[in-house]
Amino acid sequence: MGKGKGKSSKKKLFIFGALALMLVIIVVLVITSGEKEKIISVQTEKAEKRTITQVVSATGKIFPEYQVELRPEVTGEIVDLPVKEGDIVKKGQLLIRIKPVQYIAQRNRAAATLESSKAMLKVREAALEKVKADYKRIKELFQKDLASEQELETAKSNYLQNVGQYESQKASVKQAEAGLADAEEQLQKTAIYSPIDGRITTLNVELSERVLGSSFSQGTHLMTVADLSKIEARVEVDENDVVLISIGDTTNIDIDAFGDKKFIGLVSQIGNSAKTTGAGSQDEVVNFEVRISLINPDSKIRPGMSCDADIETETKYDIVTVPIQAVTARMDKPKDGEMKKDKPKRRSKPQEVVFVVDGNSVKQTKIKTGISDDTYIEVAEGLEGGEEVVTGPYRAVSKELEDGSKIMLPKKDKKGEGKGNNKESEAEADSTNASN
């Protein structure tokens, strides 16, 4: 019996020992596998010197540089309308005539009033001459003691009274002349002539229609005459981009109605007043109007057509550039042993960096960027050109990579180019940038 118990104890000891050994092996494997460094698969491209042009894109509409909205200054019925919309007109050409009957009557009435005032002025002048002579005669008699002082005062009073009446009548004559001039002007305003050479782009009235003058209100909008020899595009530019634009910047303009045809223009005016839409909401947008004069306008261009403008704000030659998706922003990490303060005085700003390939790992390199186009961005400081930088995938560049991270480059084909390409990472970056 004793021998059986001894064999059973040895067997149990052997089993527990084997289990303990297996447990130790599993723990070691877990630890070693956990310490295995992560390798990130990436795509790369070399930093090279290029010529890039920074472009600001905007949308808007076509307008004539100079146009005039015609509104009547007198009220009445249209009795003559010798033009129609689309007609080409010359400066001084009759466009509209308003019924002049009542204004002719006003002119005639003002002329009669003037004649009456002039006649009365002659009467006052004759009366003044008579009392003036009487006053002079009484004054001479008074000096010879042949007239009393009372007679002298009476003669003087009559004289001064007639002088006042004469001056008053002269003023009445001037007032009547002004009334006649005003009536003449009102009569002339019944005929409206073209102020410029151009084309009638808008005609809002018809023959026999009654229109309101602008004496006490804005007046009826009769028509618009525009000089279509000078055309401009008016586009809305975001507040962050308008500071990049300068007067004289070259612009490529696409007008929807003309398909692929390109028009060249120069920035002629930059708005100073903001145009805000959706104020106070999450969709608030602040834009500024930029006007672009077309250098080569087509005679078929019409005001109101939609257009897209690419404004070339700056061009730099032979500068170090990298693909836009290679640039990301990272925060500076605290150094070893550096104590964190409870309330830092100033919050650190993210730094623009690229990841430069260094053997089988990457080196995080701080850079300073400049202008950019749709594909590349200028590296003003931090790279000299020729360095191989990581361009994708987007998640690796923006989040996963750190200084010293191990990487795996795509296998190269016979031509020495990677079998993988950056299209997937570029598409991912573009979609992310669009969402931002």
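Summed over the range 346-403, residues that are touching a residue at least 40 places away in the same chain (Cβ under 8 Å), farther than 14 Å from LYS49 by Cα and of a type in the set (Gly, Ala, Ser) total 4. Just one of (1) touching a Cys at 6+ places or on another chain (Cβ under 8 Å); (2) surrounded by fewer than 20 Cβ atoms within 10 Å (Cβ to Cβ); (3) in contact (Cβ under 8 Å) with a residue 60 or more places away in the chain fails for SER246. It is (1).
Take LEU228 and decide whether it is touching a Pro at 6+ places or on another chain (Cβ under 7 Å), outside the structural domain of ASN108 (by TED's automatic domain parsing) and surrounded by 14 or more Cβ atoms within 10 Å (Cβ to Cβ). Walk me through how you get there before you give the answer.
Working: touching a Pro at 6+ places or on another chain (Cβ under 7 Å): yes; outside the structural domain of ASN108 (by TED's automatic domain parsing): yes; surrounded by 14 or more Cβ atoms within 10 Å (Cβ to Cβ): yes.
Criteria met by LEU228.
Here PRO303, PRO344 are screened, and the one residue that is at pLDDT below 95, assigned to a loop (DSSP other than H, G, I, E, B) and surrounded by 10 or more Cβ atoms within 10 Å (Cβ to Cβ) is PRO303. Residues satisfying the criterion are absent from the range 400-421 (criterion: within 28 Å of GLU314 (Cα to Cα) and either assigned to a helix (DSSP H, G or I) or modelled with pLDDT of 90 or more (or both)).
If the requirement is being in contact (Cβ under 8 Å) with a residue 12 or more places away in the chain and surrounded by fewer than 17 Cβ atoms within 10 Å (Cβ to Cβ), which of these qualifies: ASP283, ASP260, ASP241, ASP318? None of the others qualify; the one that does is ASP318.
Results for (1) outside the structural domain of ALA105 (by TED's automatic domain parsing); (2) farther than 26 Å from TYR103 by Cα; (3) at pLDDT 90 or above; (4) part of a helix (DSSP H, G or I), shown as yes or no for each residue.
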| site | (1), (2), (3), (4) |
| --- | --- |
| LEU128 | no, yes, yes, yes |
| ALA147 | no, yes, no, no |
| THR154 | no, yes, yes, yes |
| GLY164 | no, yes, yes, yes |
| SER168 | no, yes, yes, yes |
| ALA178 | no, no, yes, yes |
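Taking the range 44-59 as the range and being more than 16 Å from GLY382 (Cβ to Cβ) and of a type outside the set (D, E, K, R) as the test, the residues that pass are THR44, THR51, ILE52, THR53, GLN54, VAL55, VAL56, SER57, ALA58, THR59.
Within the range 104-121, residues that are at positive phi have Cβ atoms under 7 Å from residues that are part of a helix (DSSP H, G or I) and surrounded by fewer than 15 Cβ atoms within 10 Å (Cβ to Cβ) in no pair, counting only partners at least 6 apart in sequence or on another chain.
Considering only the range 57-65, I want to know if a residue exists there that is small (Gly, Ala, Ser) and either farther than 30 Å from ILE247 by Cα or without any contact (Cβ under 8 Å) to a residue 12 or more places away in the chain (or both).
Scanning the range 57-65, I find no residue that is small (Gly, Ala, Ser) and either farther than 30 Å from ILE247 by Cα or without any contact (Cβ under 8 Å) to a residue 12 or more places away in the chain (or both), so the answer is no.
Run LEU180 past the list (1) in contact with a strand residue (DSSP E or B) (Cβ under 6 Å, 6 or more places away or on another chain); (2) under 30 Å from LEU114 (Cα atoms); (3) not basic (Lys, Arg) and report the number of the one that doesn't hold. The single condition LEU180 does not satisfy is (1).
The values are calculated or read from the model by the stated rules, or taken from the named source; none is laboratory data. As the structure is a computational prediction, the values presented were derived from the model and not from experiment. Reconstructed Cβ throughout: ideal geometry from the backbone, glycine too, with neighbour counts over all protein chains shown.
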